[in-house]
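Asks: Encoded as C-alpha cells, here's the structure I'll be asking about.
The values are calculated or read from the model by the stated rules, or taken from the named source; none is laboratory data. Source: prediction; values computed, not measured. For neighbour counting, all protein chains shown are included, and Cβ atoms are generated from backbone atoms with ideal geometry for every residue, glycine included. Ligands, DNA and RNA are excluded from the accessible area calculation, which covers all protein heavy atoms including side chains. Shrake-Rupley method; radii C 1.70, N 1.55, O 1.52, S 1.80 Å.
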Amino acid sequence: TSLVAGCVESTGEAAGSFEVSSSALDSASPLPTRFTCYGVGESTPFTIQRVPEPTAALAVTAEYDSGGITDPVFWTLWNVPPDIDRIPAGLPRTATVDPLDGAGQGRPEGGEPGYQPPCPQPGQRYTTRFQVYALGERLDVADGTDHDTAIEAIGDAVLASRRFTLEYERTPTR
C-alpha cells in the first residue's frame, strides 16, 4: 500500500518548449508499486512530446528522499536520442540500452547498472523524484559509470528539465 502526493514541474530557460509525460506517473497518486522492489521493480516510462532546440540528447535521473542527509540516486540514463518519443517501461538492467540506440545507464557505487527500484522498509515513506532532461550535448561518459559522475555530466549540459515527484510508503505487514 502506498500514500498519495506528488507534483510535476519544469525548469530551465527552454522549459516551455519541453513537454514530457508519463502514463504511469500521476502527480495526484502515489508511485505505483510495480516500480518498487515490492512489485516487478521495472523502470518507469516517459513520453516525449516536444524537445527544445538545440537538444542533442535526453537523460533521466531518479532519486528518493528517505529523510537522510543525502538523496540516494537509483537510476541514471543518458544519451537517449532526441528524436525518440518514448522511453519504455522495463528497460534492461544493462550499461548500454540497445532499444534506445545505445543510451547509457549508470550504477550505484559497487552495484549493477540500470534501474534499481526504491525499497523502503515497512512504515517508511519515500519521496521519489524522476527528472527528464533535454541536453545541449551528448555526454562523454562511459556506459555503466557511477551515478555521481553521470549526474554531474547531466547537470553541465541541461537545456530544460521536467520533474515528477511522488510519494511511496510500504504499509507494515503483520
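Asks: Would you mind calculating the gained length between Glu19 and Ile69 on full extension (0.36 nm times residue separation, minus the Cα-Cα distance), in nm to one decimal?
Replies: 14.8 nm
Asks: Hey, what D do you get for the chain in µm²/s if you plug the Kirkwood alpha-carbon radius into Stokes-Einstein at 10 °C and 1.306 mPa s?
Replies: Taking Rh from Cα pairs, D becomes 99 µm²/s.
Asks: Next question. With a 1.4 Å probe and every protein chain left in place, work out the accessible area per residue of the chain in Å², rounded to a whole number.
Replies: 47 Å²
Asks: On full extension of the chain, what length is gained from Arg34 through Asp148, given 0.36 nm per residue of separation minus the C-alpha to C-alpha distance?
Replies: 38.5 nm
Asks: Hey, any idea what % of region 112-174's accessible area is carbon plus sulfur with a 1.4 Å probe?
Replies: Ligands and nucleic acids excluded, carbon and sulfur reach 39 percent.
Asks: With a point put 7 Å past each Cα toward its Cβ, work out how far Asp85 is from Asp140 in nm, to one decimal.
Replies: 3.4 nm
Asks: Give me the number: length gained by fully extending Arg93 to Glu53, i.e. 0.36 nm times residue separation minus the C-alpha to C-alpha distance, one decimal in nm.
Replies: So the chain would gain 11.4 nm between Arg93 and Glu53.
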